[in-house]
Each structure stands twice: as structure tokens, then as C-alpha cells.
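Quick notes on the structure that follows.
The values are calculated or read from the model by the stated rules, or taken from the named source; none is laboratory data. Just so we're clear, the structure is a prediction, and the values are computed from it rather than from any experiment. As a convention, Cβ positions derive from the backbone with ideal geometry for all residues, glycine included, and neighbour counts pool all protein chains shown. Surface areas here come from the heavy atoms of the whole protein model, side chains and all, with no ligands, DNA or RNA. Shrake-Rupley method; radii C 1.70, N 1.55, O 1.52, S 1.80 Å.
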Amino acid sequence: MSPSPVPAVPSSAPAADPLAPSAVPPVPAAARLSGHGLTVGYGDQRVIADLDVAIPTGQLTVIVGPNACGKSTLLRALARMLPARTGQVELDGRAITAYPPKEVARRLGLLPQSPIAPDGIVVEDLVARGRYPHQGVLRQWSDRDQRAVDSAMSRAGVADLSDRLVGELSGGQRQRVWIALALAQQTPILLLDEPTTYLDIAHQVEVLNLARSLQREGFTVVVVLHELTLAFRYATWLIVMSQGAIVAQGPVAEVVTAELIEQVYNLPCQLIVDPVSGRPIVVPQEDDVTGNAVGAGPVGDVGTAGDGGAAGEDAR
């Protein structure tokens, strides 16, 4: 069954927040972040070949696809963490390699998969490292930096953990601390690679509500997700990847079909409509004891919102 039309995103925006990027040039009509003819890989392994992508400015773009299809590789290439073998990434109309590293870090922030904190560091000190791109010989720590850190911790829900050692926190708490660090960086473009990993369903929703709030305030947000129900609910622009290529992209209501899900995930399914969001939910089919295909509830990567997705996927 085809999903019903997607409700329009409300145009109202929350009040200004200290995390809103400052001194950011007006957003051009064209994408601020794009890749052209990208070929990217690891060692002798080529993961992405001759890929073109444009990240819509001011949107919440969600990238989905099966394990090892190139989602995280694409995100790392867009952030200049992984060099392209061919092609180039453009940021604000220039090759990203033309910028000094600190300038890239003032324009674009990346939360990678499974980051590792230094031993013995407390939460507030780790979050404060997000202010590094704004520091320099003539610009040391300021009240504005402290306000950015305090606001980031508050929005990520870790303000009460500020004096705790990061190494003593649960996986979910650590993940929210890393999100706070990314927010403290105050970049107009934010890339989040599986930010809901290790989080229970309540905290998954909190993180994605935060991503949506940032997008409505004018940020460009890109998120890699496994859990399709949440991906379809929150995306204002969806990118579907398979085997290192983009196979579909656009608004959820125009992109998602049962045929696409079967093609990408090799999973026969039906689509039903989420009664809350009006977005599609994937219902996999399963064989009964007679071998006949029967409907089943949403499961795994393509359904249950509380499973946290495939947390162990590597950077590919």
C-alpha cells in the first residue's frame, strides 16, 4: 500500500539559541556541500565509485541502506576525513581541500561512529574540545565559548553529567556527550553518523527531535540511520544507497516504495502508514510453515524503533 502524502513541515521556528551559527554567509540556492565524481575506498577496496551527491541546504537529510553499502564512507568523504581517489568534494563553492583544516571545522562538523575519548577526561572538558576550531593565538577561551558548551550539554541532555568521567558513562550517555561536542562546534552543517547507536528508543527520539529542531533553525543536518521507521519519519530529504551507489533520493513520499525496499534490502515487504506522522512503515513478509508469504510486524533494520539499528557496522 502506498504511503499517504507527507504533511508539510511547519514553518514556525523556535526562539534563537546560543548554538545558532554566527557570521555564517547567506545560504545560496545551490547546495553548500556536494560531491562530484567521487571514488572512495580503503586500501585496495573501492567502496564508492564515480558518485555524485548534493546535500540540500537547510534540510534534514537521512542516508539509509544496508550494511557496508557506503553510507559512512560517503559521510567521511564529505567531511574530508577520507580522501577521494577521484572527483572532489565542494564546500561553499570551493574544493574542500582548498580550506585550512580549522576553516573546514568552522563550517562543517562530523560525529563519526564509535569515537574514542581520551583517558581520564570529564564530560565538560570533552565537550569543550568542540570549541577548538574557534581558538587561536589571538582568541582564547571566552564567555561565548562557555555559553556554547553549556548550551550544547543542555540540548544533548548531559548537563548533569558535566563533572563525570566519560569512561564511567554508559554507552548511551557517552553517545549523547559526543553529540554535545558536535553541537558545541557551532557549525552550520552537521554530519551525524549513526547518532542513535547504543540509545534506547526514548533517547533515539530525543536525538532525532534535536536534529529536526536544528534543521528548522536553519542548520543543514545529515544523518546516517539504520532504523527505517525513524528515518522516514524525520527525513525532509532521503538518500537511499546500495552497493556504493545512490539508487534513490528525494522527499520520503516520492521515494519510498515496497519495490525499492525489496530491491535494496532483498526483503519482500508491504508499506503501511504511520498513524502519527503519515510516513511509511515497512512491514516485512515472512514465510509460514506452508511456505506462503505472510505479513509480519516491523523488525530489525527495517522496523522496530527500539533496536538501535545495526550498531556494529564498520565505517563502510
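So if I check each of D160, D145, D193, which one is open to solvent by 60 Å² or more (accessible area, probe 1.4 Å) and either of a type outside the set (S, T, Y) or without any contact (Cβ under 8 Å) to a residue 12 or more places away in the chain (or both)? Working first, answer last.
Details: D145 fails: open to solvent by 60 Å² or more (accessible area, probe 1.4 Å); D193 fails: open to solvent by 60 Å² or more (accessible area, probe 1.4 Å).
Answer to the check: D160.
Here Q186 meets each of (1) of a type outside the set (V, I, T); (2) assigned to a helix (DSSP H, G or I); (3) surrounded by 22 or more Cβ atoms within 10 Å (Cβ to Cβ) with one exception, condition (2).
Within the stretch 143-168, being out of contact with any Lys or Arg (no Cβ under 9 Å at 6 or more places or on another chain) and either assigned to a loop (DSSP other than H, G, I, E, B) or at positive phi (or both) holds for S162, D163, R164.
Taking the conditions (1) within 17 Å of P115 (Cα to Cα); (2) open to solvent by 30 Å² or more (accessible area, probe 1.4 Å); (3) in contact with a helix residue (DSSP H, G or I) (Cβ under 6 Å, 6 or more places away or on another chain) in turn, V127 satisfies each one other than (2).
Note on the stretch 184-203: among residues that are under 12 Å from the mean Cα position of the chain (by Cα) and of a type in the set (S, T, N, Q), the one that is farthest from W237 (Cα to Cα) is T197. When the stretch 266-279 is filtered for residues that are touching a residue at least 60 places away in the same chain (Cβ under 8 Å) and closer than 16 Å to L230 by Cβ, the ones remaining, listed by number, are L271, I272, V273, S277, G278, R279. Here's a check for you: in the stretch 235-263, which residue that is touching a residue at least 60 places away in the same chain (Cβ under 8 Å) and open to solvent by less than 10 Å² (accessible area, probe 1.4 Å) is nearest to L199 (Cα to Cα)? Step by step, filter the stretch 235-263, then rank; the result is A235. Contact annotation: no residue pair with Cβ atoms under 6 Å, 6 or more positions apart or on different chains, pairs a residue in the stretch 32-57 that is over 16 Å from P83 (Cβ atoms) and part of a strand (DSSP E or B) with a partner that is open to solvent by 20 Å² or more (accessible area, probe 1.4 Å) and aromatic (F, W, Y). With respect to the stated conditions, V177 fails to be surrounded by fewer than 19 Cβ atoms within 10 Å (Cβ to Cβ) and either among the aliphatic types (A, V, I, L, M) or assigned to a strand (DSSP E or B) (or both). Checking the stretch 203-218 against the condition returns no match, with no residue being closer than 19 Å to A68 by Cβ, open to solvent by 50 Å² or more (accessible area, probe 1.4 Å) and touching a residue at least 40 places away in the same chain (Cβ under 8 Å).
Within the stretch 170-223, being under 24 Å from I116 (Cβ atoms) and among the basic types (K, R) holds for R174, R176. When A117, A68, A77 are screened for being small (G, A, S) and either assigned to a strand (DSSP E or B) or at pLDDT 95 or above (or both), only A77 passes.
Each row is one residue, and each column tells you yes or no for (1) more than 26 Å from G120 (Cβ to Cβ); (2) out of contact with any strand residue (DSSP E or B) (no Cβ under 9 Å at 6 or more places or on another chain); (3) of a type outside the set (K, R).
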{"residue": "R174", "(1), (2), (3)": "no, yes, no"}
{"residue": "V177", "(1), (2), (3)": "no, yes, yes"}
{"residue": "I189", "(1), (2), (3)": "yes, no, yes"}
{"residue": "I201", "(1), (2), (3)": "yes, yes, yes"}
{"residue": "N266", "(1), (2), (3)": "yes, yes, yes"}
